[in-house]
Every structure is written in structure tokens, then in C-alpha cells.
Amino acid sequence: MLTLDSHRQFPELTQSKNITPAVIHGKDVWHKYNCINCHTLFGEGAYYAPDLTKITQHRSEPYLQAYMRDPSRFYDEQTHRRLMPKQDLSDEEITDLIAFLDWVSNVDNQGWPPRPILVTGSFVPGADTVTAAERDIDPDKPPPGVTPVTEADDIRARGQKVFRMASPACNACHSTAPGADMAGPTMAGIVSRATQTLQSGDYQGAATDVEGYIRESIVDPSAHLVEGAMYSANGTSFMPTTYNDSLTDEEIDQLVAYLTTFK
Amino acid sequence: MRYKSQSVAYWYFAVAMVLFGLQLVFGLLSATKYLGPDPLLYILPFDVTKVIHTNLLIVWVLTGFMGATYWMVPEESRSELHSVKLAYIQLILWTLMGVTAIIGYLFRYGTGNKLLEQPLPHKLVIVVCMLIFLYNIGMTIKKSGRFTTTEGVLVLGLASSAVLFFPALLHYENYTVSIFYRWWTIHLWVEGVWMMIMGAFLAYLLIRLSGADREVMEKWLYVIVGLVFIAGILGTAHHYYWVGVPQYWLPIGGFFSALEPLALAGMAAYAYAAMRRSGLAHPNTLALHWTIGSAVFALFGAGLLGLAHTWPSVNKWTHGTLVTAMHGHAAFYGAYAMIVLAMITYALPAMTHGRREQGSSMGYWAFWLQISGMFGMTLSFATAGIGQVYLERIMGMGYLDAQLKIQVHFLMLIATASVFTIGVALFIVDFFRYAPRFQLSQEPDPELDTTSPSSAT
């Protein structure tokens with residue numbers, strides 16, 4: 001009975017209208033390369049590698065493409081002690097696998113995980129991050145152990161909140177600790193680096209000051225590429241280009257104000 | 001041995017022993033990879049060692065179940081097996097299936113669906129083997145005209161595990177739907193019908209070893225089967241957490257999985273009661289160790305450790321972490337590995353030359369080293385898992401950073417896994433160091449039932 005009702009609800013819960021041939025093929029790729037015997041998906045799998053249920057919400061498609069072509073360019077086995085072996089996937093397999101993972105990330109799975117599972121991330125006690133799903137249920141409810149930030153607070157405090165609650169969360173890729181580069185460069189020292197960039201002469205972007213440069217980096221990540229195989233390929237930054245739409249102008253102002261505190 | 005055809009069980013047990021040994025090789029390899037870096041990254045990466053580790057587990061435990069059934073059914077039905085030849089054909093097919101599947105996994109030949117990775121041809125061979133097996137057992141019982149409750153539960157368990165394999169043969173385009181039905185096989189096997197199989201073996205061993213009253217034992221068995229049915233079937237819902245099914249599976253899963261330990265507590269209480277009531281008359285005390293040990297360890301690993309993280313509000317944080325590995329290792333070992341080892345230990349003196357009935361000191365070392373090793377492994381996974389949940393899920397640390405912080409638990413895992421492996425190695429050596437013998441130890445005596453076959457020699 002409940003099984004029948006589950007079937008009735010599957011189309012809506014799993015967005016089955018979005019199961020395109022690419023998604024189906026991506027699922028077969030997932031199986032073919034035995035991904036589940038290291039990773040977990042919906043928390044099911046082998047616990048040896050990060051959960052990928054919401055990975056497409058944390059990492060842009062260009063990043064995932066480059067990552068799957070050669071993981072050793074992104075992680076160092078000596079430092080992280082674990083490395084994904086190179087899988088020699090074809091371009092089509094990579095694209096479809098990402099389509100599958102993107103479909104997975106949109107399945108209504110009771111709001112799990114309760115807090116984003118980051119691949120790497122700076123140590124932030126009581127980080128005030130919640131999942132997009134949970135925010136939909138109760139946007140005002142702060143996660144356990146967190147000091148809520150209100151309109152009355154400093155613009156930089158509100159920016160710090162945006163840094164952790166934007167979707168994808170900025171701190172999924174950027175740490176705020178000096179020298180701790182993750183999937184993206186650390187935010188520590190961003191002001192001095194931006195100043196150098198603006199003065200270097202080979203900067204082609206539209207910005208004329210540090211605030212403008214940071215704002216440009218948020219809304220148009222490919223406008224100026226930061227050197228490094230982990231950050232960009234073929235003139236395209238791996239950073240998602242969605243923030244211009246997903247964040248309000250006010251939120252971007254707050255974010256810029258927060259980031260300019262990192263001299 | 002009272003029936004000549006029981007000797008097929010020896011070869012099933014021998015195959016099971018070899019596969020058990022191999023399983024540990026791949027288990028240890030997987031455990032060292034948690035520490036890293038991995039020099040075998042491009043030869044034997046974690047996914048390959050892990051898939052072989054879990055598949056060998058399933059294959060050797062099922063081989064043990066089949067061997068134990070071929071041992072038990074002639075005794076219970078007081079008849080030779082219907083066909084010894086079919087039993088050997090089944091063993092050869094089964095072993096070939098297992099070995100080629102594992103060689104295939106080394107080359108990434110498989111379907112990558114967790115625990116059901118076998119390629120389709122292998123799945124079909126599994127079905128054929130199960131059908132041969134059920135036919136052979138069914139005909140034996142039918143011809144003998146004697147069908148005990150213990151056998152009834154065993155056959156019900158075996159037949160259902162064959163039936164429940166069918167959802168595994170189907171193909172689903174929707175990953176969530178595929179997960180939904182995958183658990184019909186995996187969960188209902190592990191927490192439903194395998195449990196019945198375990199209950200049947202436990203009843204058989206307790207009747208034989210303690211001389212407990214068959215009537216009383218069989219009443220307990222009904223209670224256990226009932227509980228397994230009620231809690232086990234709806235308990236499947238705890239696998240439906242967070243995979244994209246309707247919300248109502250959460251309370252159902254929480255409630256019925258909380259009931260699941262009851263069946264195990266029943267089994268443990270039942271083993272204890274049998275032991276108390278009878279005064280332990282049987283000379284094979286080593287088999288008694290394994291039997292009671294299995295009931296107690298299953299209650300701990302499958303029952304209590306399962307309960308520890310099955311409630312949705314807890315599971316939300318522990319789901320997909322090493323906490324699950326903690327429960328998995330203790331549960332499988334206690335409930336299934338140990339009951340097979342108990343059946344082997346019980347049957348072995350009658351099948352080999354020169355073995356002492358009460359068990360060798362090597363056999364006792366094997367028992368205690370395995371128990372303490374597995375207990376240590378469980379604690380290692382538990383502490384690693386709790387650390388992981390706290391750092392990664394509560395504090396928001398990245399997955400890879402959190403794993404680096406809990407490395408000391410992986411060291412402990414490797415140390416305790418080594419103790420466990422020594423215990424298993426001793427068991428295997430003890431198994432093979434006496435040559436098999438296939439003469440009857442006594443004439444079939446249909447009048448006597450509660451005497452064990454070997455105690456009369």
C-alpha cells in the first residue's frame with residue numbers, strides 16, 4: 001500500500017520529468033566506474049570518499065569536468081592521504097555523469113544532509129550553514145548553536161552570513177585562513193592581491209578599485225582569471241556564474257563589505 | 001555422521017573457509033587505505049578491494065549456509081539427501097560463479113550497484129544454484145516424510161532469500177526507485193530471511209548441544225519468526241531515509257527498526273535459557289561457545305548498535321559515516337559469520353579424523369581472538385565515526401580534513417583487524433589440519449532423536 005503510494009509520489013519527489021537520456025546514461029556511468037564503492041550518494045555507499053548528493057550545488061560544471069579528467073591536479077595524495085584515481089572517462093561520460101549528479105541534487109530527500117557536506121573546508125566552529133532545502137522549510141530558523149544575524153547588525157557581519165549561506169556556499173571552496181587554498185584561493189589577503197592585480201597593468205577587467213574588483217569576481221568570475229590549474233581552464237573560471245542571479249544586490253554589497261576586511 | 005550424504009557439507013565448509021580467508025585479505029587492504037597514501041592506487045584502488053571484501057562475505061556466508069543445511073537436513077529428516085550429485089554440481093557452479101565474479105571485479109567488470117554488483121550472467125547462475133539447492137532440500141524432506149519446525153523455518157528462510165533476489169535482476173531508470181527495490185533484496189535478506197536461517201541453525205544447535213526440549217525450542221522459534229516478520233519487513237523503511245521517498249517512511253522506519261532488536265534479544269535469551277536448563281551435557285563445548293557467542297554478539301552488533309543510530313533524528317547526522325560501518329561489521333559477524341562457524345565447529349569432529357570432540361586449544365584461541373578483534377574493530381569504527389560526525393557534520397569541517405583528524409582510529413582499526421585476522425587464520429588452520437573422513441560414525445537410528453550423532457562414538 002505504502003509502496004504504491006510511494007510510486008504515486010516518486011515523479012514529484014524525484015523530479016522524474018527531468019530524467020533525460022543524459023541522466024540515465026550518467027547513472028550507468030556512475031555504476032560502470034563503481035563510484036559508490038568509495039563515495040556515497042544519498043549517504044549510501046562506502047564512506048571512503050565524500051558524499052556527492054549535493055556536489056553540483058557546491059562545485060560548478062567546469063570545475064567538475066576538469067576534476068574528473070585528472071583529480072591529481074586538485075588534490076595531493078601526500079597532504080590529503082586519499083586521492084581519486086584517474087578514471088579515463090570520455091567527455092560524454094563526464095558530461096552525463098554531471099547531469100546525473102545534478103538530477104540527484106534536486107531530489108527532495110527530506111532535507112538531508114542537515115548541513116552541507118563539504119569536501120574540504122576551513123574549520124569554522126558553529127558555522128551557520130544550512131541546506132537550501134532546510135531554508136525553504138523555515139528561512140528564519142538558524143541551525144543549532146548559531147548566533148543569528150539580523151538587519152541591525154554590521155554590514156560585514158551580514159556579509160559573513162552570506163559567505164556561508166549563499167548557494168553554493170562560498171566557504172565550500174574558499175577558506176578565510178592565510179595559505180589555506182582549497183578548490184578556490186583563500187580569501188585571506190584578497191585586498192592586497194586585488195590591489196596588486198589592479199596595478200599590474202595586465203588586468204583587463206572593468207573594475208577600478210578593490211571593491212569593484214571583488215564585486216566583479218562574484219558576479220562574473222571569468223572576467224579576471226586567477227592563475228592555477230585548480231581554478232580555471234580554457235579561459236573559464238571554475239567558480240559558478242550564478243551568484244548574480246541568486247544573490248540580491250544588497251547581499252552582494254554585504255559580501256563585498258565582508259571580503260574587503262581581509263587585507 | 002549418521003548419513004553418508006552429509007559429507008557434501010565438508011566441501012561446502014572447505015570452500016567457505018578459503019573464501020573467508022580471502023575476504024580478510026581484501027578487508028585488511030581496504031583498512032590500510034584509510035591511512036593512505038595508497039601505493040596500489042592504480043592497481044587495486046579502494047573501490048575494488050571494498051567490492052571484493054563485501055561480495056566475498058556474502059558468497060562465503062551463503063556457502064556456509066548451504067553446507068550447514070546439507071548437514072542439518074539429513075539429520076532432522078532422518079534420511080540421505082535426495083541427490084548428492086546435484087549438491088556437488090551446485091557447489092561447483094557456485095564456486096565458479098564466485099571466483100569469476102571476483103576476478104571480474106579486479107578488472108572493474110560489474111554493475112556497481114552496492115552489494116548487488118554481480119554482472120547479469122553471474123546473477124542468473126546464482127538463481128540456478130538457489131533453485132538446485134531448494135529442489136534438492138525440498139525433495140529430501142518430501143521423500144523422508146519428516147518435516148520439523150526447525151527445518152520449516154530454515155526452508156522458509158532459504159526459499160524467501162531466493163525469491164527476494166528477483167528485484168535485484170530488474171533494471172530501473174530512476175535511481176531512487178532502484179534504491180527502493182535494492183533494499184527489498186539486501187535488507188529483507190539480512191534482517192529478514194537470513195535471520196530466520198540463523199534462528200533455525202541456532203535452534204538446531206541448541207537442541208543438539210544442550211539437549212534442551214525440542215518442543216520448548218520450537219515455541220521460541222515461532223516467537224522469533226513472528227518478531228522478525230513484524231519488525232524486519234517494515235524496518236526496511238530505515239533504508240528509505242534521505243533517498244527521495246515520501247516523508248512517512250521516517251516514523252515507520254524509526255519505530256519498526258527500534259523493534260528489530262527484540263527478535264535478537266529473544267534469541268539471546270533463548271540461548272541462555274537453553275544453556276541454563278540443560279546443564280550443558282554435550283562434549284563439544286567449543287561449538288557451544290560459538291553458538292551462545294553468536295546469539296550474544298548478534299544482539300550487540302545487529303540489535304543494540306543498529307538501534308544506536310536508527311532513529312531518524314540521530315540518523316540524520318550519522319547517515320553515510322563510519323558509524324554505519326561500525327554497525328555493519330559487528331552485525332554481520334555476530335549474526336551470520338558466527339552462526340556458520342558454530343555449525344562448522346559442531347559438525348567437524350564427525351567429519352574429520354582424530355579431532356577431539358571438545359575442540360582444540362587452537363580452536364579456543366581462534367574464538368577468543370576473533371571475538372576480541374571484532375569487538376576492537378567495532379570500537380575503532382565507532383570512535384572514528386563519532387569523531388567524523390562531530391567534526392564534519394556538527395562543526396562543518398570538510399570531509400577530507402575531518403578524515404585526517406581521525407587517523408588514530410584507523411591505526412586502531414588496523415591493529416584490531418590484525419588480531420581478528422589471526423583468529424580467523426587459526427580457525428582455518430584448525431579446520432584443515434585434520435583429514436576429512438567420510439565413514440559413518442554410527443548406523444542411522446530413526447528412533448533416537450535428541451542424541452547427537454558423534455557423542456555416541
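Over region B:280-354, what is the relative contact order in whole percent, taking alpha-carbon pairs under 8 Å and six or more residues apart? Intermediate values should be presented prior to the final figure.
Details: 64 pairs, mean separation 37.4, N = 75.
Worked out over region B:280-354, it gives 50 percent.
Rounded to two decimals, what ratio of Rg to Rh does region B:181-311 give with C-alpha atoms and a Kirkwood Rh? Display every interim value, and only then the final one.
Values: Rg = 16.0 Å, Rh = 15.3 Å.
Expressed as Rg/Rh, it is 1.05.
Note on exposure: B:Asp38, A:Asp249, A:Asp209 ranked by accessible area (1.4 Å probe, complete protein assembly) read A:Asp249, A:Asp209, B:Asp38, with the most exposed listed first.
Applying 1/(1 + (r/R0)^6) with R0 = 56 Å to the Cβ-Cβ distance of B:Glu215 and B:Leu411, what FRET efficiency is obtained, to the nearest 0.05?
Numbers: r = 51 Å, r/R0 = 0.92.
About 0.60, to the nearest 0.05.
Taking only the alpha carbons of region B:1-147, we obtain Rg and Dmax values of 17.7, 61 Å in that order.
Once B binds A, the 1.4 Å probe can no longer reach about 5900 Å² of accessible area, counting both sides.
Of the listed residues A:Glu211, A:Glu227, the order by accessible area with a 1.4 Å probe, largest first, is A:Glu227, A:Glu211. For helix B:175-187, what angle does its Cα long axis make with the longest principal axis of chain B, in degrees from 0 to 90 and rounded to 10? The angle comes out near 30 degrees.
Using only the Cα atoms, what convex hull volume per residue in Å³ does region B:314-353 have?
Working: hull volume 2.3 nm³, N = 40.
Measuring per residue, one finds 57 Å³ for the Cα hull of region B:314-353.
The fraction of accessible area contributed by carbon and sulfur in the protein assembly as shown is 65 percent, rounded to a whole number (1.4 Å probe; ligands and nucleic acids excluded).
Distance between the pseudo-spin-label points of A:Arg73 and B:Val429 (7 Å out from Cα toward the beta carbon): 5.2 nm. Compared with the dominant principal axis of the Cα atoms in chain B, helix B:194-210 is inclined by about 40°.
The length gained on full extension between A:Asp245 and A:Glu211, counted as 0.36 nm times the residue separation minus their Cα-Cα distance, comes to 10.3 nm. Taking label positions 7 Å along the Cα-Cβ direction at both B:Thr32 and A:Ser105, the computed distance is 3.7 nm, reported to one decimal.
With only Cα atoms counted, region B:60-148 has Rg and Dmax values of 15.2, 48 Å. Taking Cβ atoms as reference points and 14 Å as the exclusive limit, the residues near B:Leu169 contribute a net charge of +1, counting Lys and Arg as +1 and Asp and Glu as -1. Interface residues of region B:231-253, defined as those with an accessible-area decrease of at least 20 Å² between the chain by itself and the complete set of protein chains (probe 1.4 Å), are B:Trp242, B:Val243, B:Gly244, B:Val245, B:Pro246, B:Gln247, B:Tyr248, B:Trp249. With K and R counted +1 and D and E -1, the other residues having a Cβ less than 14 Å from that of B:Gln118 yield a net charge of +3. Against chain B, whose longest principal axis is taken from its Cα atoms, helix B:8-35 shows a tilt of about 20°.
Measuring r between the beta carbons of A:Gln196 and A:Asn18 and using R0 = 60 Å, the FRET efficiency lands at 0.85. Figure note: B:Arg182, A:Arg69, A:Arg215 ranked by solvent-accessible area, largest first, 1.4 Å probe, ligands and nucleic acids not counted: A:Arg69, A:Arg215, B:Arg182. Relative to the current alpha-carbon distance between B:Leu124 and B:Leu93, full extension at 0.36 nm per residue lengthens the span by 10.0 nm.
Computed FRET efficiency, Cβ-Cβ of A:Ala152 and B:Tyr42, R0 56 Å: what is it to the nearest 0.05? List each step's numbers first, then the result.
Working: r = 56 Å, r/R0 = 1.01.
Result of the calculation: an efficiency of 0.50.
Hey, which of these cross-link pairs are over 27 Å Cα-Cα: B:Lys33/B:Lys114; B:Lys4/B:Lys123; A:Lys161/A:Lys263; A:Lys86/A:Lys161; A:Lys86/B:Lys316; A:Lys161/B:Lys114? Display every interim value, and only then the final one.
Numbers: B:Lys33/B:Lys114 19 Å; B:Lys4/B:Lys123 32 Å; A:Lys161/A:Lys263 19 Å; A:Lys86/A:Lys161 36 Å; A:Lys86/B:Lys316 32 Å; A:Lys161/B:Lys114 38 Å.
Violating the 27 Å limit, Cα to Cα: B:Lys4/B:Lys123; A:Lys86/A:Lys161; A:Lys86/B:Lys316; A:Lys161/B:Lys114.
Show log10 I(q)/I(0) for the protein assembly as shown at q = 0.11 Å⁻¹, two decimals, from a solvent-free Debye sum over equal Cα scatterers. Computed log10 I(q)/I(0) values: -1.12.
Just need the Rg to Rh number for chain A, please, alpha carbons only, Kirkwood Rh.
0.98
Please say if region B:335-388 is rounded, prolate or oblate, where rounded means a/c under 1.5 for a ≥ b ≥ c the square roots of the C-alpha gyration tensor eigenvalues, and otherwise the choice is prolate for a/b larger than b/c and oblate otherwise? Here region B:335-388 falls in the prolate category. Extension gain for the segment B:Ser313 to B:Leu259, taken as residue separation times 0.36 nm less the Cα-Cα distance, is 17.8 nm to one decimal.
The mean of 1/r over all distinct Cα pairs in chain B, once inverted, gives the Kirkwood hydrodynamic radius of 22.5 Å. Derived scalar couplings between HN and Hα for region B:361-370 equal 5, 4, x, 5, 4, 4, 4, 6, 5, 5 Hz in order, rounded to whole Hz, by the Karplus curve 6.51 cos²θ - 1.76 cosθ + 1.60 (θ = phi - 60°), x for Gly and Pro.
Note on B:Gln439 and B:Val163: the model spin-label points, each 7 Å out from Cα along the C-beta direction, lie 4.5 nm apart.
The values are calculated or read from the model by the stated rules, or taken from the named source; none is laboratory data. Computed from a prediction, not measured in an experiment: that's the story for all the values here. Quick reminder, even Gly has a Cβ in these numbers, built from the backbone with ideal geometry, and neighbours come from all protein chains shown. Note: accessible area is taken over every heavy atom of the protein model, side chains too, but ligands, DNA and RNA are not part of it. Shrake-Rupley method; radii C 1.70, N 1.55, O 1.52, S 1.80 Å.
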